[in-house]
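Comments concern the structure below.
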Amino acid sequence: MDQPPYSAAWLSRWREEIMDAVGPMVSTFEETHGYPPGRNEIRVADDDDRRAAREYARGTLGFEELRTFYASIGEVVLSDVGNGCFIHSARDVLDQLAEDGDVAIPDADDPLGMVIGSDGGGLLYVADWGGAIHRSRTAAVDEGEFDKVAEDLPEFLDLIRRSVTRFVETGEPGCL
């Protein structure tokens, strides 16, 4: 079966699949773990998010897949999947980029990027300007130690989907 093209409809299906998997986990979380679940949602973009996405799109840097993402998805907060998995809002990404500047990714094909997400353990996800996604080896991006985790944003989002499914089924988050 062919993978449908990356689009707002693709993102909607991606969101639904993850939320369908996370729902049962959250409903039994406190019983299983002894404390209440944190926030676990993929928030649909609202007007403020779409304004930030348009502002992002006006920039000379970035790539189309991320613009499509932020026009549809406000943010990803999966606090209870593994150590947590977060894709920051467009506003947060833009603010951090303005404050800290580009992130240097020495071994990447495109050696500059921006932080777009994190896990609950301090590791950061950086999108290079060519569209590949890298994970920091430490909580500091200035050390320049990264591993490429996906060639592009759709591959990264699919990795998240598969990791969520694996975590719900086995308790192991996989390679997130």
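The values are calculated or read from the model by the stated rules, or taken from the named source; none is laboratory data. Here the structure is a predicted model, which is why all the values come from computation and not from measurement. Quick reminder, even Gly has a Cβ in these numbers, built from the backbone with ideal geometry, and neighbours come from all protein chains shown. With ligands, DNA and RNA removed, areas are computed over all heavy atoms of the protein, side chains included. Shrake-Rupley method; radii C 1.70, N 1.55, O 1.52, S 1.80 Å.
Among the listed residues 76, 81, identify the single one that is touching a His at 6+ places or on another chain (Cβ under 9 Å), within 16 Å of residue 156 (Cα to Cα) and either buried (at least 19 other Cβ atoms within 10 Å of the Cβ) or in contact (Cβ under 8 Å) with a residue 12 or more places away in the chain (or both).
Values: 81 fails: touching a His at 6+ places or on another chain (Cβ under 9 Å).
The match here is 76.
Are any residues in region 157-176 in a helix (DSSP H, G or I), within 19 Å of residue 79 (Cβ to Cβ) and either charged (D, E, K, R) or within 14 Å of the chain's Cα centre (by Cα) (or both), and if so, which ones?
Residues of region 157-176 in a helix (DSSP H, G or I): 157-170.
Narrowing the set further to residues that are within 19 Å of residue 79 (Cβ to Cβ) leaves 157, 159-170.
Within region 157-176, 157, 159, 160, 161, 162, 163, 164, 166, 169 meet the criteria.
Check whether at least one residue in region 85-96 is under 30 Å from residue 30 (Cα atoms), in contact with an Asp or Glu (Cβ under 7 Å, 6 or more places away or on another chain) and of a type in the set (S, T, N, Q), and report yes or no.
So far as region 85-96 goes, yes, one or more of its residues are under 30 Å from residue 30 (Cα atoms), in contact with an Asp or Glu (Cβ under 7 Å, 6 or more places away or on another chain) and of a type in the set (S, T, N, Q).
Quick grid of which residues meet (1) touching a helix residue (DSSP H, G or I) at 6+ places or on another chain (Cβ under 6 Å); (2) more than 15 Å from residue 91 (Cα to Cα); (3) modelled with pLDDT of 95 or more:
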site: 6; (1), (2), (3): yes, yes, no
site: 12; (1), (2), (3): no, yes, yes
site: 16; (1), (2), (3): no, yes, yes
site: 19; (1), (2), (3): no, yes, yes
site: 27; (1), (2), (3): no, yes, no
site: 40; (1), (2), (3): yes, yes, yes
site: 43; (1), (2), (3): no, no, yes
site: 64; (1), (2), (3): no, yes, no
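Within region 44-55, take every residue that is without any contact (Cβ under 8 Å) to a residue 40 or more places away in the chain and not in a loop (DSSP other than H, G, I, E, B) and give me the one that is surrounded by the most Cβ atoms within 10 Å (Cβ to Cβ).
Here the residue is 53.
With the requirement that a residue be within 25 Å of residue 45 (Cα to Cα) and among the hydrophobic types (A, V, I, L, M, F, W, C), what does region 84-116 give you?
The first filter runs over region 84-116 and keeps only residues within 25 Å of residue 45 (Cα to Cα), leaving 84-102, 113-116.
If the condition is that a residue be within 25 Å of residue 45 (Cα to Cα) and among the hydrophobic types (A, V, I, L, M, F, W, C), then 85, 86, 87, 90, 93, 94, 97, 98, 114, 115, 116 are the ones that fit.
Scan region 78-100 for residues that are of a type outside the set (Asp, Glu) and either within 20 Å of residue 23 (Cβ to Cβ) or in a strand (DSSP E or B) (or both) and jot them down.
From region 78-100, those of a type outside the set (Asp, Glu) are 78-79, 81-91, 93-94, 96-98; that's our starting set.
Of everything in region 78-100, those that are of a type outside the set (Asp, Glu) and either within 20 Å of residue 23 (Cβ to Cβ) or in a strand (DSSP E or B) (or both) turn out to be 78, 79, 81, 82, 84, 85, 86, 87.
For region 26-43, which positions are open to solvent by less than 70 Å² (accessible area, probe 1.4 Å) and of a type in the set (Gly, Ala, Ser)? Break it down stepwise before answering.
Taking region 26-43 and keeping what is open to solvent by less than 70 Å² (accessible area, probe 1.4 Å), we get 26, 28-29, 34, 37-38, 40-43.
34, 38 - these are the residues of region 26-43 that are open to solvent by less than 70 Å² (accessible area, probe 1.4 Å) and of a type in the set (Gly, Ala, Ser).
Is it true that some residue in region 56-69 is crowded, with 19+ Cβ neighbours inside 10 Å, closer than 18 Å to residue 169 by Cβ and within 17 Å of the chain's Cα centre (by Cα)?
No: region 56-69 contains no residue that is crowded, with 19+ Cβ neighbours inside 10 Å, closer than 18 Å to residue 169 by Cβ and within 17 Å of the chain's Cα centre (by Cα).
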